[in-house]
Amino acid sequence: MTTPPPGLRERKKQATREALREAALRLAMERGPDRVRVEDIAEAAGVSPRTYNNYFASREQAIVSAVTADREARVAAAVAARSAEVRLADAVTEAVVEQYANADERERRTLLLITTRAALRDAFLDSAAGIEAPLTAVIAERLGDPGAHTARVLAASVAAAVRIALEGWLRPAGNAEAARGFGAGGLVV
């Protein structure tokens, strides 16, 4: 079953969300995140601060979403794309590692910025929970039971594991335990 393309209203909402994300990141990179106000982001994106607040609860959330946007859907799509012969645990692990370990240059610069500010680190860690709902749906489909409680538990476990891995990755560089958890490829869950 194919999903119908989004309607005009949804496309406009997606465009506004993207404009806000991009404005937040650009301003944070130019000025530093502490010198960016919600009003500045809204103005740069061509919307009101009230409209901004319909999309993001904080400037940190908007900045972080520039690197985490759509990651949850990409993880779920990657799991769904795996062959049914691939064990579910392997499919999920491979999909998560792909999305978190293969950062492009822009994402690396953004991640560096995120690691320098406690509020950004917290928002980044909170973003890991977003993986749960889309992953629940894809796991339930793989298990053949759309109402499966097991799928929710598994997806919540993956979200918790991702958060723990991110916490380790965000520790100061001198932390030997964190360094062992991440190879040359980046984050390993």
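The values are calculated or read from the model by the stated rules, or taken from the named source; none is laboratory data. Here the structure is a predicted model, which means the values were calculated and not measured. Positions of Cβ are backbone-derived with ideal geometry, glycine not excepted, and every protein chain shown enters the neighbour counts.
Data for the structure
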item	result
The range 10-29: number of residues that are β-branched (Val, Ile, Thr) and at pLDDT below 95	0
Residue satisfying all of: in the range 49-96; among the hydroxyl-bearing types (Ser, Thr, Tyr) and touching a helix residue (DSSP H, G or I) at 6+ places or on another chain (Cβ under 6 Å); farthest from Ala140 (Cα to Cα) among these	Tyr52
Single match in Leu112, Leu154, Leu166 (criterion: at pLDDT 90 or above and part of a helix (DSSP H, G or I))	Leu154
Evaluation of Val75 against (1) farther than 22 Å from Thr116 by Cα; (2) at pLDDT below 95; (3) surrounded by fewer than 17 Cβ atoms within 10 Å (Cβ to Cβ) (one fails), failing number	(3)
Conditions (1) within 22 Å of Glu107 (Cβ to Cβ); (2) more than 20 Å from the chain's Cα centre (by Cα); (3) modelled with pLDDT of 95 or more: number failed by Gly32	(3)
Odd one out for Ala103, checked against (1) assigned to a helix (DSSP H, G or I); (2) surrounded by 12 or more Cβ atoms within 10 Å (Cβ to Cβ)	(1)
